[in-house]
Amino acid sequence: MKLFLSPFKPLSYLVALAVLLILAPLGRFYRGDGSLWTIFGGFALTALFILAGTQWSALNQLGASFSAWMNSATITAVFAAVVLGVPTAASSIYNQFKSPYYQAYDLFLFTNGADVPWVDTNGDPYIVANVGQDTTSMAWTVLLHIAFFFVAAIVGVALGLVYASFGTGRGLITAFATFLIAVALYWAIESPVGDWDTAAVGGVSAACLVTLAVSAVAFRSTKRFVC
């Protein structure tokens, strides 16, 4: 992580990560859907990694190895994804235990298909179908959050490199096109489902994969003096 973060003071990125650690997991307790807060965390992480990625041009001029820099960036992305993904997933899991209706507002939350007993406002018991959780479903929830944040970080690195190598115009076009393709692919897969009672893993995975593919192209085309 040291090489990738070397242009920044430690306090700057630690404060930024601390703010995300508050907003992404806890913002949903105040207002809004769980999905929106998780996606917000992903976009914020992308922005931070774009900023770090743009620093490659200066490091390239200083003779830094691109492979070493990318290894450092990948390790940083994994670290950030785990640190942000685990508490955000824990928040989703807790909210689902708190209310079985929470799942409808969080496309990153897995359920196990079990029914959950609940009571209405009059205290009368009834059953809510397909909203239970167990160890396996919770583990998948954590993994999906970590994967999402990892992809968000990696695409940030890629967009930062596009900007550093080719300028603002191409960077914006790449970002906008990637976003449109990812959203369109997600919607094409998930919209026929109609009734969501578990994580939208198909759509999220497809969107993440196409985003990684665009990132790979950006990495290959990055200008560098030392491989």
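Sort 165-172, 179-186 for me by packing, meaning the mean count of neighbouring Cβ atoms within 10 Å per residue, highest on top.
Values: 165-172: 13.8, 179-186: 15.5.
Order by mean packing, descending: 179-186, 165-172.
Toward the positive end of the charge dipole of the chain, about the Cα centre and with charges on Cβ (Lys, Arg +1; Asp, Glu -1), which of MET1, LEU20, GLY113 goes farthest?
Positive-most Cα among the choices belongs to MET1.
Compute the relative contact order of the chain as a whole-number percentage, counting only Cα pairs closer than 8 Å that sit 6 or more residues apart in sequence. Present the calculation step by step, with values, prior to reporting the outcome.
Working: 314 pairs, mean separation 59.4, N = 227.
Value for the chain: 26 percent.
Charges at C-beta only: +1 for Lys and Arg, -1 for Asp and Glu. How large is the resulting dipole of the chain about its Cα centre, in Debye rounded to 20?
Numbers: 9 positive and 9 negative charges, 287 e Å.
The calculated dipole for the chain is roughly 1380 debye.
How large is the helix-only mean residue ellipticity at 222 nm for the chain, computed as the sum of -39500 (n - 2.57) over DSSP H runs with n ≥ 4, divided by its residue count, in deg cm²/dmol to the nearest 500?
-24500 deg cm²/dmol
What residue among TYR101, TYR30, TYR163 shows peak mean-square fluctuation when the chain is described by a Gaussian network model with Cα springs under 10 Å?
TYR30
Where a number appears in this text, it was derived from the coordinates with a stated rule and is not lab data. Computed from a predicted structure; not experimentally measured. Counting neighbours? That spans all protein chains shown, and the Cβs are built from the backbone with ideal geometry, glycine included.
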